[in-house]
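Note sheet for the following structure.
Every read-out reported here was derived from the displayed coordinates using simple, explicitly stated rules and does not represent laboratory data. No experiment lies behind these values; they were computed from the predicted model shown. Cβ placement follows ideal geometry from the backbone for every residue including glycine, while neighbour counts extend to all protein chains displayed.
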Amino acid sequence: MTNRRISTTFFAIAYGVGILAAWLAGNWISQVARQGEGVSSALYLTIPLIQVFVLVVLLTFIYKTWKAIQDGHASTSPAAAAWLLLIPIFHLYWIFRATWGFAKDYNKFIERHGFDVERLPDGLYLITSVIICIKCAYLTLGTILPLISDKIALLGPSSTYVLTIPATVFILIMIIKSGTAINSLPEIEKVEE
């Protein structure tokens, strides 16, 4: 028998708190800088550290969801689903395989095994993938363009919120839906490979 349980509450809270912490830290640093006070380099490190935490939470979650549907027919391995998201530029493609592909593979998995459980809405996962892809591309361009020319600025003061808020909401919904779906699966005998 395989154990498929995923702590949906842990992953949703860890992700949500991580995003909120990064937002609060960024606003606090901006406020300190606007007041003309020097911002210590240690304070600047808080945001990347929080972002690494959020990334580890998401990669672990993706790994665990893919691991739960491994029966010899999944389109990718849990390790590939998670680790290939770390490859720059390639991740803009791979996010579709890791998220939307998971919903499609999960639905095929439950059909193959004849489980009477709710299907994942693969359209939601496609929208989530598109929003994440747009956000990543936008932030990458917004970081690179000013290095090319100081006259090119893509990121305005509130532009990141326009993409961060929907991405955060859709990712939280995806975490809850995926975790609930995995936890609803009955146990099956492990397939011999």
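Contact order for region 8-184, expressed relative to its length and based on alpha carbon pairs under 8 Å spaced 6+ residues apart, stands at 23 percent. What do you get for trypsin sites (Lys or Arg not before Pro) in region 1-73 restricted to DSSP loop and a cutoff of at most 16 other Cβ within 10 Å of the site's Cβ? Answer by residue number: R5. On the beta carbon distance between T46 and V169, with R0 = 30 Å, the FRET formula returns roughly 0.80. The shape of region 8-184 can be summarised by an equivalent ellipsoid whose semi-axes, obtained from the alpha carbon gyration tensor, come to 34, 17, 14 Å from longest to shortest. Given a cut-off of 20 Å, name the pairs among K104/K177; K104/K135; K135/K177; K64/K135 whose C-alpha atoms lie farther apart than that in the structure shown. Cα-Cα > 20 Å for K104/K135; K135/K177; K64/K135; rest within. Placing a pseudo-label 7 Å from each Cα along the Cα-to-Cβ vector at F10 and A137 gives an inter-label distance of 3.6 nm. You can think of it this way: the chain between V17 and H73 has 16.7 nm of extra reach, that is 0.36 nm per residue less the Cα-Cα gap.
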